[in-house]
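The values are calculated or read from the model by the stated rules, or taken from the named source; none is laboratory data. Only a predicted model underlies this, so the values are computations on that prediction, with no experimental measurement involved. Quick reminder, even Gly has a Cβ in these numbers, built from the backbone with ideal geometry, and neighbours come from all protein chains shown. Side chains included, ligands, DNA and RNA excluded: accessible areas come from the protein's heavy atoms. Shrake-Rupley method; radii C 1.70, N 1.55, O 1.52, S 1.80 Å.
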Amino acid sequence: MDYQAVLEDIYTQVIATKDKGTPASYIPELAHIDVNNFGLYLQKNTGEVYGVGQYQTKFSIQSISKVLALALASSMEDNAILERVDVEPSGHPFNQLALIEVENGIPRNPFINSGAIVIADILVSRLQNPKADFLNYVREITGDTTIDYDLKVAASEKATGHRNFAAAYLLKSFGNLKNNVDVVLDFYFHQCALHMSCEQISRAFHLFANRGICKNSVLRLTERKVKRINAIMLTCGFYDEAGEFAFEVGLPGKSGVGGGIVALKPNDFVISVWSPGLNKRGNSKLGMFALEQFTTKTQLSIF
Ligand code: GLN
């Protein structure tokens, strides 16, 4: 299979598409990103890599970071997490508040904002220097010390993240947030503001395609936990579009409002895409298209 030719063919189609979606505007710092950016990067477990477009340009990974936060929390705790966050698809937008109230402060899953805020709370409790330690974890699993937070994006979200403050206070009222709301959200906004390229994201996610073993050959997560996190990506990685992503693409994955999507096939590959224009559900419009084309052309889905 000529993977480079497959990626180039997808790139040609994407460039020719007029409606490229709309960047997220509720985080002001993300609103002005050019929707013409596009990067696509395939990393096979065997070591071959293929890329087109701006696959080395860094962007705000946003909710993609929720998988890395869950991986780190899972490596330190196991069943205790499941007492505080469920593993069911929510069928609602990522920032929905009503379910927190109806379900007594237990978020549906760790990839909607309320669930990710509980995971952030666990990391704040567990880590000595949460922001620095989390960044080091991401650098270690990627093998890349140049990865950093985009502090402007973190500050921009902090200034306008009213729904996340509402979610955190609601969680606190149900006793499902142990630390101070401002401290947890400061960590969460930095986590979401990780600035990484498609190439770096693929390297970071190698452990989920490789039974918990990172690029540097270190085992960071047990096979059982990797299996579970991949299952949550498949069922909850795209909020109220998780069904559509499984239907069209057929891989576990995770999106972010910065326009990135990462998807993987266990024991085979990781693929990352960046196209900042979003669809109505907050997922990258052309990113979804590109991945659908990839699994259709290569027949490399999990199904
Ligand atoms: N930081 C964003 C938020 O909390 C992440 C959302 C996303 O990428 N879907 O709203």
From K58, K44, K20, which residue is open to solvent by 40 Å² or more (accessible area, probe 1.4 Å), touching a residue at least 60 places away in the same chain (Cβ under 8 Å) and of a type in the set (K, R)?
K58
Of the criteria (1) under 21 Å from Y55 (Cα atoms); (2) surrounded by fewer than 24 Cβ atoms within 10 Å (Cβ to Cβ); (3) of a type in the set (S, T, Y); (4) within 14 Å of the chain's Cα centre (by Cα), which one T298 fails
(4)
In the range 164-187, is there at least one residue being modelled with pLDDT of 95 or more, under 24 Å from W274 (Cβ atoms) and touching a Ser or Thr at 6+ places or on another chain (Cβ under 8 Å)?
no
Of all residues being closer than 21 Å to F134 by Cα, assigned to a loop (DSSP other than H, G, I, E, B) and away from the ligand (no atom under 16 Å from the Cβ) in the range 69-87, which is modelled with the highest pLDDT? Just the residue, please.
R84
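Within the range 257-299, can you find the residues that are hydroxyl-bearing (S, T, Y) and more than 16 Å from the ligand (Cβ to nearest atom)?
Initial filter on the range 257-299 (hydroxyl-bearing (S, T, Y)): 272, 275, 284, 295-296, 298.
Passing the criteria: T295, T296, T298.
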Would you confirm whether any residue within the range 167-185 is closer than 26 Å to V262 by Cα and away from the ligand (no atom under 15 Å from the Cβ)?
no
Mind telling me which of the residues K66, K131 ends up being open to solvent by 20 Å² or more (accessible area, probe 1.4 Å), within 16 Å of the ligand (Cβ to nearest atom) and either β-branched (V, I, T) or part of a helix (DSSP H, G or I) (or both)?
K131
Restricting to the range 190-223, name every residue that is among the aromatic types (F, W, Y) and surrounded by fewer than 22 Cβ atoms within 10 Å (Cβ to Cβ).
none
All-but-one check, G237 against (1) away from the ligand (no atom under 12 Å from the Cβ); (2) at pLDDT 95 or above; (3) over 16 Å from N37 (Cβ atoms), failing number (1)
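If a residue has to be in contact (Cβ under 8 Å) with a residue 24 or more places away in the chain, in a helix (DSSP H, G or I) and either open to solvent by 10 Å² or more (accessible area, probe 1.4 Å) or closer than 25 Å to G212 by Cα (or both) to count, how many in the range 88-104 make the cut?
At the first step, the residues of the range 88-104 found to be in contact (Cβ under 8 Å) with a residue 24 or more places away in the chain are 88-95, 97, 100-101, 104.
Restricting the remaining residues to those that are in a helix (DSSP H, G or I) gives 100-101.
Next, only the ones that are either open to solvent by 10 Å² or more (accessible area, probe 1.4 Å) or closer than 25 Å to G212 by Cα (or both) stay: 101.
Qualifying residue count, the range 88-104: 1.
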Within the range 25-33, does at least one residue satisfy the condition of being out of contact with any Ser or Thr (no Cβ under 7 Å at 6 or more places or on another chain), within 14 Å of the ligand (Cβ to nearest atom), farther than 27 Å from V226 by Cβ and open to solvent by 60 Å² or more (accessible area, probe 1.4 Å)?
yes
Picking from A120, A154, the residue that is of a type outside the set (F, W, Y), under 16 Å from E83 (Cα atoms), open to solvent by less than 20 Å² (accessible area, probe 1.4 Å) and within 14 Å of the ligand (Cβ to nearest atom) would be A120
Kindly indicate the residue of the range 224-282 that is outside any helix (DSSP H, G or I) and basic (K, R) and also surrounded by the most Cβ atoms within 10 Å (Cβ to Cβ) among those meeting that condition.
K254
